[in-house]
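Enquirer: Next up is a structure, given as structure tokens.
The values are calculated or read from the model by the stated rules, or taken from the named source; none is laboratory data. Given the structure is predicted, the values throughout are model-derived calculations rather than measurements. All Cβ positions, even for glycine, are placed from backbone atoms using ideal geometry, and neighbour counts span all protein chains on display.
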């Protein structure tokens with residue numbers, strides 16, 4: 001009888017912990033994001049742009065910036081659109097996103113990228129690129145809400 005009582009207590013505790021983790025994940029939401037980025041590089045590059053986050057029916061203007069280093073050269077403009085997952089409020093999208101990768105486009109090209117920031121927000125983006133850009137570098141972007 002003592003064993004079944006302990007087992008029941010452990011089972012109830014495990015169910016409670018599982019329920020709390022599911023509840024916290026259930027409160028996270030998603031939104032849509034669109035932005036364009038201008039990028040120029042000759043080994044060290046920079047990028048900047050702006051766009052909009054749509055979350056719970058409201059539109060939030062955002063700014064985008066970044067730095068890259070490695071084997072990179074050219075200039076391009078990329079139009080990104082996609083989904084932001086695992087956010088509870090619009091400000092969760094702010095932060096630094098990093099990605100390691102390589103690729104390139106001559107003229108019009110397509111890009112797909114998934115990145116996560118330190119708050120757990122995940123960007124799932126598709127984009128189309130215009131211009132000449134060749135890279136095999138380590139890149140990152142920073143997103144901020146405009147005031």
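Enquirer: What's the number of the only condition in (1) modelled with pLDDT of 95 or more; (2) over 14 Å from residue 37 (Cα atoms); (3) assigned to a strand (DSSP E or B) that residue 72 fails to meet?
Expert: Looking at each condition in turn, residue 72 falls short on (1).
Enquirer: Quick one: is residue 46 exposed (fewer than 14 other Cβ atoms within 10 Å of the Cβ), assigned to a strand (DSSP E or B), modelled with pLDDT under 85 and over 17 Å from the mean Cα position of the chain (by Cα)?
Expert: So residue 46 passes the test.
Enquirer: Before we move on, is residue 140 assigned to a strand (DSSP E or B), closer than 29 Å to residue 29 by Cα and modelled with pLDDT under 90?
Expert: Yes: the conditions hold for residue 140.
Enquirer: I would also like to ask the following. Filter the range 92-118 down to residues that are surrounded by fewer than 15 Cβ atoms within 10 Å (Cβ to Cβ) and modelled with pLDDT of 80 or more and give me whichever is nearest to the chain's Cα centre (by Cα).
Expert: So the residue we want is 114.
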